[in-house]
Ligand SMILES: Nc1ncnc2c1ncn2[C@@H]1O[C@H](COP(=O)(O)OP(=O)(O)OP(=O)(O)O)[C@@H](O)[C@H]1O
Ligand SMILES: [Mg+2]
């Protein structure tokens, strides 16, 4: 059975495609048969990223395909162990379909209230539509250097009733540069950045595993 991981947000540019590609690369490296479903048909960001990756011959190869709808992606998921659903820039009907389909729904967000509020509202909407809160995880991305800001964001999310990752993705030019070269955030030129991204990927993979175990029980 294919396992689905959804990456969605209410706001654009928060790091959905970055996280989707990181998961795609890490699962591929670990020997899983993984596909990223790029559901952003207007930009096809992950699809273009894969083209850059192929041009450079970067291993492991990460399969990416564009789909116009979540249903089409689900129909094509059969051959894969894992499908990562890279959501469109803004929450749409498709966002809720992604949430309903996924074992883990990842909500990347910035730390400002302007980012946190719509993130939590989207989570509330998902729960209202029947997605269990424990399937939702908020990931802080593009994090600046203020510990106080991060601490406040963590408590905002916890008070709203959701879990967040302990590990965060800092805002670093190195991540953008890696992406420009068809590389994942775990494949930058800087081992310190790669380690930060690996920690985020590992924590997400652990959550996927525990959620899978819980649902099988
Ligand atoms: N941690 C980071 N540090 C620096 N740049 C980042 C980081 N995360 C993402 N970016 C850059 O920010 C831009 C938006 O990131 P990304 O494409 O992952 O967001 P998205 O949520 O998928 O956007 P969209 O809503 O348009 O699909 C990209 O140029 C990406 O390289
Ligand atoms: Mg994107």
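The values are calculated or read from the model by the stated rules, or taken from the named source; none is laboratory data. On a predicted model such as this, the values are computed, not experimentally measured, just so you know. Cβ atoms come from the backbone with ideal geometry, glycine included; neighbour counts cover every protein chain shown.
Please verify whether residue 178 is touching a strand residue (DSSP E or B) at 6+ places or on another chain (Cβ under 7 Å) and not in a loop (DSSP other than H, G, I, E, B), treating the condition exactly as stated. Walk me through how you get there before you give the answer.
Numbers: touching a strand residue (DSSP E or B) at 6+ places or on another chain (Cβ under 7 Å): no; not in a loop (DSSP other than H, G, I, E, B): yes.
Considered against the rule, which asks whether it is touching a strand residue (DSSP E or B) at 6+ places or on another chain (Cβ under 7 Å) and not in a loop (DSSP other than H, G, I, E, B), residue 178 comes out as no.
Scanning for something within 19 Å of the chain's Cα centre (by Cα), closer than 22 Å to residue 30 by Cβ and assigned to a loop (DSSP other than H, G, I, E, B), does the stretch 191-199 turn up at least one residue?
Narrowing the stretch 191-199 to residues within 19 Å of the chain's Cα centre (by Cα): 193-199.
So of that shortlist, the ones also closer than 22 Å to residue 30 by Cβ come out as 193-199.
When the remaining residues are screened for being assigned to a loop (DSSP other than H, G, I, E, B), the result is none.
For the stretch 191-199, residues within 19 Å of the chain's Cα centre (by Cα), closer than 22 Å to residue 30 by Cβ and assigned to a loop (DSSP other than H, G, I, E, B): absent.
Exactly one condition in (1) surrounded by fewer than 22 Cβ atoms within 10 Å (Cβ to Cβ); (2) within 15 Å of ligand 2 (Cβ to nearest atom) is false for residue 61; which is it?
All conditions are met except number (2).
Output yes when any residue across the stretch 85-100 is touching a helix residue (DSSP H, G or I) at 6+ places or on another chain (Cβ under 8 Å), without any contact (Cβ under 8 Å) to a residue 40 or more places away in the chain and away from ligand 2 (no atom under 11 Å from the Cβ), and no when none is.
So far as the stretch 85-100 goes, yes, one or more of its residues are touching a helix residue (DSSP H, G or I) at 6+ places or on another chain (Cβ under 8 Å), without any contact (Cβ under 8 Å) to a residue 40 or more places away in the chain and away from ligand 2 (no atom under 11 Å from the Cβ).
I'd like the residue in the stretch 1-14 that is within 11 Å of ligand 2 (Cβ to nearest atom) and closer than 22 Å to residue 209 by Cβ and, out of all such residues, is farthest from the chain's Cα centre (by Cα).
8
For the stretch 108-131, which positions are within 16 Å of ligand 2 (Cβ to nearest atom) and more than 14 Å from residue 13 (Cβ to Cβ)?
Across the stretch 108-131, the qualifying residue is only 122.
Residues being within 17 Å of residue 110 (Cβ to Cβ), in contact with a helix residue (DSSP H, G or I) (Cβ under 9 Å, 6 or more places away or on another chain) and within 14 Å of ligand 1 (Cβ to nearest atom): count how many of those fall in the stretch 152-175.
Qualifying residue count, the stretch 152-175: 7.
Pick out the one residue from 73, 20 that is crowded, with 19+ Cβ neighbours inside 10 Å, at pLDDT 95 or above and within 11 Å of ligand 2 (Cβ to nearest atom). Working first, answer last.
Working: 73 fails: within 11 Å of ligand 2 (Cβ to nearest atom).
Residue meeting the stated conditions: 20.
Could you please let me know if residue 104 is away from ligand 2 (no atom under 16 Å from the Cβ) and closer than 16 Å to residue 207 by Cβ? Let's see the steps before the verdict.
Working: away from ligand 2 (no atom under 16 Å from the Cβ): yes; closer than 16 Å to residue 207 by Cβ: yes.
Judged against the criteria, residue 104 is a match.
Just to be sure I understand, how many residues within the stretch 76-102 are buried (at least 18 other Cβ atoms within 10 Å of the Cβ) and farther than 20 Å from residue 50 by Cβ?
8
Filter the stretch 22-37 down to residues that are in contact with a strand residue (DSSP E or B) (Cβ under 9 Å, 6 or more places away or on another chain) and part of a loop (DSSP other than H, G, I, E, B) and give me whichever is nearest to ligand 1 (Cβ to nearest atom).
Top of the filtered list is 32.
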